[in-house]
1. Tally up the residues in the range 168-197 that are part of a loop (DSSP other than H, G, I, E, B), in contact with a strand residue (DSSP E or B) (Cβ under 7 Å, 6 or more places away or on another chain) and closer than 27 Å to residue 156 by Cβ, please.
2. Residue 211 is checked against (1) surrounded by 12 or more Cβ atoms within 10 Å (Cβ to Cβ); (2) in contact with a strand residue (DSSP E or B) (Cβ under 9 Å, 6 or more places away or on another chain); (3) farther than 17 Å from residue 157 by Cβ and fails just one. What number does that condition carry?
3. Take the range 198-208 and flag every residue that is touching a residue at least 12 places away in the same chain (Cβ under 8 Å) and either surrounded by 15 or more Cβ atoms within 10 Å (Cβ to Cβ) or not in a loop (DSSP other than H, G, I, E, B) (or both).
4. Quick one: how many residues across the range 225-248 are in contact with a strand residue (DSSP E or B) (Cβ under 9 Å, 6 or more places away or on another chain), outside any strand (DSSP E or B) and surrounded by fewer than 13 Cβ atoms within 10 Å (Cβ to Cβ)?
5. Is there a residue being out of contact with any helix residue (DSSP H, G or I) (no Cβ under 9 Å at 6 or more places or on another chain), surrounded by 12 or more Cβ atoms within 10 Å (Cβ to Cβ), modelled with pLDDT of 65 or more and assigned to a helix (DSSP H, G or I) anywhere in the range 134-147?
């Protein structure tokens, strides 16, 4: 690469020197000199005599060659590495270890004797516990006066009837058409007071009144829990819902 660069620089310098010399040279055109007319006595007519001057060619200037000195490339001698010795040393260091196979002794597991569980004696009082609880409940119910139970039952049903009457709405269309009647609603109350299985046990002749009666219980959804004194998990109840127009 360096040789190519130096060669190009020399060529450029030579070309530029030649261009400069040619620019300075002026090529003179030939001049024609017309001699004056000679007298009649002159024997020789010098008409049409053209004297040409000799062209003086300028001496070409010597072009000094530009010599570009090339810097000598110094090759550095790299120190020789003792590769053979290193390999030998590594080979010496690496020693193959002998693999000694150890004999694996199989351990014979001794059979473990499982302890035999002795059958536990069944507790007799567990069987006797259930009838005792039932008898306790029966004793409690026997202790409560039947008249008191009836009073608790009636009070619960009365509260339920008042709640139904409070949420009862007379359909406007039925009232305008003077439609009256009584709808008997049957349903089940759970222990927690949840109302479910709502149905009409005896309907009215007017569908508007039947629909309005069912909407009462679907709106209420839940009532008070069944009193503990009654000892009931659920209770099937039927309530009449009357639709009558009171005129003053």
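The values are calculated or read from the model by the stated rules, or taken from the named source; none is laboratory data. Not measured: the values here are computed from a predicted model. Because the Cβ atoms are built from the backbone with ideal geometry, glycine has one as well, and the counts that use them run over all protein chains shown.
1. First, pick out the residues of the range 168-197 that are part of a loop (DSSP other than H, G, I, E, B): 168-171, 177-180, 191-193.
Subsequent filtering for residues that are in contact with a strand residue (DSSP E or B) (Cβ under 7 Å, 6 or more places away or on another chain) retains 168, 170, 180, 191, 193.
Cutting the leftovers down to closer than 27 Å to residue 156 by Cβ gives us 168, 170, 191, 193.
Summing the residues that are part of a loop (DSSP other than H, G, I, E, B), in contact with a strand residue (DSSP E or B) (Cβ under 7 Å, 6 or more places away or on another chain) and closer than 27 Å to residue 156 by Cβ in the range 168-197 gives 4.
2. (2)
3. Start the filter on the range 198-208 by keeping residues that are touching a residue at least 12 places away in the same chain (Cβ under 8 Å), which leaves 198-206, 208.
198, 199, 200, 201, 202, 203, 204, 206, 208 - these are the residues of the range 198-208 that are touching a residue at least 12 places away in the same chain (Cβ under 8 Å) and either surrounded by 15 or more Cβ atoms within 10 Å (Cβ to Cβ) or not in a loop (DSSP other than H, G, I, E, B) (or both).
4. 2
5. Looking through the range 134-147, none of the residues is out of contact with any helix residue (DSSP H, G or I) (no Cβ under 9 Å at 6 or more places or on another chain), surrounded by 12 or more Cβ atoms within 10 Å (Cβ to Cβ), modelled with pLDDT of 65 or more and assigned to a helix (DSSP H, G or I).
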